[in-house]
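Reviewing the structure listed below.
Please treat every number below as a calculation from the coordinates, not as lab data. A quick note: this is a predicted structure, and the numbers were derived from the prediction, not measured. Note: ideal-geometry Cβ built from the backbone for every residue, glycine included; neighbour counts use all protein chains shown.
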Amino acid sequence: MNNEMEPRHKAIRHQQFNDYVFNEVVPFIRSQTSPETPVITCGASFGALHSANLFFKRPELISGCIAMSGVYDLTEYTKGYFDQDVYYNSPMHYLPNLSDPTILQQIGSSGHIHLVTGSGEYEDPQANRRFAGVLQEKGIPYELDIWGTDIRHDWPTWRRMLPHYLGTRF
């Protein structure tokens, strides 16, 4: 999100982040738990895009996501820059074209795709509805939960949302 950085370099850093999670964080979790322990990503705001993207890219490693107050089109953040790396890290772009039945089955069987947002100040419930539409078109089960107009895009919101989901869905 650094507006002083060249967009291509942002894309490179984004891919480095993905590689770090896939190649270091998940193996570390496995080394401390067991191969059967589910790894479920979670994030708020830009982190919601990250958590969903990590899951949709590697459902054999990650078992689901809780995405709070997200926008799932990476071009919302790239200010017009678009290349192959942006495409493959923007679920709104690549999911409609995903056709691999094995990957779609892994995604669909997770049981933990939670898109949660408020309707208050700085929230974008329409972005969540659009993304839910992509999931529906692909036949991927998900939960879309849009909270009220008193729920704004801020940390107190996510401090309410996450415990709610952990306590009621897991």
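One decimal place: the segment residue 36-residue 81 gains 12.3 nm when fully extended, by the rule 0.36 nm per residue minus the C-alpha distance.
In this calculation the C-beta distance from residue 169 to residue 6 is compared with R0 = 45 Å, giving a FRET efficiency of 0.65. Reducing segment 42-72 and segment 143-170 to their Cα centroids gives an inter-centroid distance of 15 Å. When the helices of the chain are scored as -39500 (n - 2.57) per DSSP H run of n ≥ 4 and the total is divided over every residue, the value at 222 nm lands at -13500 deg cm²/dmol.
Each of 79, 10 has some number of other Cβ atoms within 10 Å of its Cβ, and from fewest to most they run 79, 10.
Counting other beta carbons within 10 Å of each residue's own, what order do 145, 73 fall into, fewest first?
Listing 145, 73 from fewest to most nearby Cβ atoms yields 145, 73.
Here the contact order of the chain, divided by its residue count and restricted to Cα pairs under 8 Å and six or more residues apart, works out to 18 percent.
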